[in-house]
Each structure stands twice: as C-alpha cells, then as structure tokens.
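For reference, the structure discussed in these notes is given below.
Derivation of every value follows stated rules applied to the coordinates shown; laboratory data play no part. All values derive from a computational prediction rather than experimental measurement. Cβ: placed from backbone, ideal geometry, glycine included. Neighbour counts: every protein chain shown.
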Amino acid sequence: MHGFDIDDKVKISVVEKPDLEVLRNLSLETFAEAFSVRNTDENMSTYMGQAFASDQLLKELSHPDSTFYFARLQEQIVGYLKLNVLDAQTESKTKLGWKSSEFMYVQHTRVSELEVIS
C-alpha cells in the first residue's frame, strides 16, 4: 500500500474571507480535476459557475455551521477541506440525529510532488 510521508509537512489553516479568490481558484481547479472526466463540458460549466461563484462561496464562508480549511505543504496551498455541520449540512441526518459532512480536494499536480512511501 502506498502513502505519503507528511511528517510535520502538512499544515491545516482556517480559510478566512480575504482568502476568497484563492479558495475559488483552488475549488475550480480541483473540482475540474476530480469530475471533468465523468461529465460534459456543459454540465461542468453550469455547475462550477453556480457552485464556485464568488458570492456563493462568500455565503458559505459566512455560514456559522460551515468551515473551510486550507491544506499547506511546505507553505504552498495544495488542497482544501470543507466541513458542514448542523444547518449547513444538506445531506440527511445520521442515525444519531445530527448532521455533518466534509470533503477534501487536493491538487493532483502538487500532491504528485510528495514523497511516496510504500
């Protein structure tokens, strides 16, 4: 099994409102890398235009139950994580009655530069 040697190299930081354009550009890039193979150009353009519009991301950044985090490798942003809880969550409730979801996108080109260990 392969993994990444990330001893003290990856740092996680909260995304703040002034980081909006960095988050937007990273979101567009990583979403396209992850999903463009399985979708039409038209569907990708429509979804990305809505989901990653600056006003939409600002609304999500401002939501008290939604938090974005940057993943940094050697001070370079290589991905982001979004954590939704309670009212920010759009998925159905869990068996315990509370809601949460998260997803993380990482830039493929930057991750490939990590030292792979086996």
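So the values come out like this:
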quantity	calculated
Estimated FRET transfer efficiency (L20, L83; beta-carbon r; R0 22 Å; 0.05)	0.80
Modelled FRET efficiency - R0 25 Å, F35 with E75, Cβ distances, 0.05 increments	0.35
Cα gyration tensor shape for the stretch 14-79, rounded if a/c is under 1.5, else prolate or oblate	oblate
Sorted by Cβ neighbour density within 10 Å, fewest at the top, the residues V22, V37	V37, V22
Potential extension, N43-H63 segment - 0.36 nm per residue separation minus Cα distance	4.5 nm
Residue order, fewest to most beta carbons within 10 Å, for L58, L26	L58, L26
